[in-house]
Amino acid sequence: MTRAQHYRRFLRWVKPYWKMLSLAVLGMVIMALTVSALPIMIKQILNGAFTSKDQETIQLISLTIITLFIIWSIASYISIYAINVVGSRLERDLRITLFDKLIALPARCYSDLTNNYLSAIFVSNIKQIIDTTANIATILVKDLLTIIGLVTCMLYLNWELSVLILLVAPMIILILELMHGYLKKTRQQILQASEAFTQGLLNTIKHYRVIKLYGGHLHKDQHLRNKAVHIHHTEMQQATIRALIIPLGQGVIVIILTAIIYLIVQQIYNNEITWEEACALVIASMLLILPIQHILRINNHLRHGKKIAGNLFLLLDQETEIDTGTKSISHARGELVFEQISFYHDTQKQYSLDNISLIIKPGDTVALVGSTDSENTALIDLLLRFHRPTTGKILLDGQDLVDLKLNDLRANIAMISADEILLDDNVATNIAYGNMRCMHEAKITAASQASHAMEFIREMPEGLQTQVGEDGIELSQKQCQLIAIARAFLRDPSILILNGIPAATTSESDPLHNALETLMHGRTTLIFTQHLPTLKNADHIVVLRNGCISETGKHQELLNKQGFYSKLIQSYSGTKKPAG
């Protein structure tokens, strides 16, 4: 995508704020006009003071200049304020758009999203693209109009000298830019040399065992000495360049300015120009330098903006999760059939799951043991249709999951994990989460009572309306799980997934145990656990080994076989998880 395409696409977000943007542009136009009028005003005040010696003219022009400055200040305030308002709203809109996109991405994309990447995209990159766009807009409007106004003013004062100055001025600015660019290049070389030295130090610390074991002190010492010497040479090179280029550049500029001043003085002596006009021309020329420098550097802003915009649009152009299902299902019976399921994840070099075939009847409780975290995640993601099987298919009540509408499928499933977290909201919103947010409070209360969460909720200051999370009351992990169970009761799913929940003890007095027992009743339940009491009560136990089903049966049956399952049970130490 080209630079122009990036900015045209970016303008779609700007369009709704065209009124505020127009106000900013109007302020910039007024600022450019007032600056452009300044040399004329100075000429008039000098003429009144020294030529006509008219006190009233001097006072009038002085008041005019003060008025122009006040107008310029007001226009500057309006412009800066309007630009910042538009920029802040654009930041908000971009973050919301990016967040909406992030939520809609397929599950496979999340593994590539790091904390640093998201922080860069959502915070620094958005801020930078807004600031860069504002700078470009300011240059194209205010600075460009200021240049046009000042050039017009100079031509009005004396077109011959103005043409000469306008021919020479770019040379001076070009010399300044070349000096700036060359010095910047040498600074980057010093920075690179310093980074190489730092990396050498870090490698020394990282590999100190090998260095000390094999006596590599001299080698490392020489290596770092060379890098330190390189930094010294680079710094001396920059010092030499600065010592030469700065006086040389300044000398050339002084010669050019001296020649121009000499020509202006000659024209004053020959009465070809008044000295008031000459002063006005010099002031106009000085006012031209800064906006011309801004114009010359606009390409840097454009290049930087293109890079950042490319990062933003790379995320925005990701394909969202597509629902290809066409069949509806209201409340499933809960029969699950895995037909020769294999799954190969892009980030792994081997199958996470290989030829899994399994039939789970409605209402059965199935415990899956021996699997690794990646295998558990793969099975759950396939069931929730975050991923699709590489081969094979999964059936729910005889229907391929791929053919079911995504919302209907997920509405029939609830999941409770060992590491449940809370939203920064009240308890009721945490229970009636997502598409259950419109549930009546009576149903939320009933779900809380069924999960035994009401036992601690009623002790809170505002009950169900109590704020929890970072901005409210902190709950224990067990309380978070009880709220997750209440959420599952409110959904009333056909299929229940318990992922790593060893917290349910066999004690009948334990609220979590009782809540899970009630929740699991009559529901197809998949339990990923090694908790022995849970395994004893499961209808079926499926033993996974290296992504394949190695054994199936009840707890006692598998123990009697003296196979892989019995070895797993023997290897359990408390709640430690065995290797897969």
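The values are calculated or read from the model by the stated rules, or taken from the named source; none is laboratory data. Since the structure is predicted, the reported quantities are computational estimates derived from the model, not experimental observations. Methodologically, a virtual Cβ is constructed for each residue, glycine included, from the backbone with ideal geometry; neighbour enumeration extends over all protein chains shown. Ligands, DNA and RNA are stripped out before the accessible areas are found, and what is left, the full protein with its side chains, is counted by its heavy atoms. Shrake-Rupley method; radii C 1.70, N 1.55, O 1.52, S 1.80 Å.
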Just to check your reading of the model, which residue among 133, 146, 204, 138 is in contact with a Pro (Cβ under 7 Å, 6 or more places away or on another chain) and in a helix (DSSP H, G or I)?
146
Please state which one of 96, 148, 103, 165 is over 30 Å from residue 237 (Cβ atoms), modelled with pLDDT of 75 or more and surrounded by 15 or more Cβ atoms within 10 Å (Cβ to Cβ).
165
With the condition kept exactly as written, say whether any residue in segment 353-369 is open to solvent by less than 10 Å² (accessible area, probe 1.4 Å), hydrophobic (A, V, I, L, M, F, W, C) and part of a helix (DSSP H, G or I).
no
Members of segment 279-297 found to be at pLDDT 80 or above and open to solvent by less than 40 Å² (accessible area, probe 1.4 Å), listed by number:
280, 281, 284, 285, 288, 291, 292
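Per-residue answers, yes or no, for (1) under 30 Å from residue 373 (Cα atoms); (2) out of contact with any helix residue (DSSP H, G or I) (no Cβ under 7 Å at 6 or more places or on another chain); (3) touching a residue at least 12 places away in the same chain (Cβ under 8 Å):
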| site | (1), (2), (3) |
| --- | --- |
| 271 | no, yes, no |
| 283 | no, no, yes |
| 293 | no, no, yes |
| 302 | no, no, yes |
| 307 | no, yes, no |
| 320 | yes, no, yes |
| 331 | yes, yes, yes |
| 338 | yes, yes, yes |
Exclusive hit being among the aliphatic types (A, V, I, L, M), assigned to a helix (DSSP H, G or I) and within 21 Å of residue 381 (Cα to Cα), set 421, 485
485
Whether any residue in segment 319-334 is of a type outside the set (Gly, Ala, Ser), assigned to a strand (DSSP E or B) and surrounded by fewer than 17 Cβ atoms within 10 Å (Cβ to Cβ) is what I want to check.
yes
In segment 323-339, what residues are among the β-branched types (Val, Ile, Thr) and modelled with pLDDT under 90?
324, 326, 329
Quick check on segment 429-445. Is at least one of its residues of a type in the set (Asp, Glu) and either out of contact with any strand residue (DSSP E or B) (no Cβ under 9 Å at 6 or more places or on another chain) or at pLDDT below 90 (or both)?
yes
Can you confirm whether segment 455-478 contains a residue that is surrounded by 16 or more Cβ atoms within 10 Å (Cβ to Cβ) and under 26 Å from residue 332 (Cβ atoms)?
no
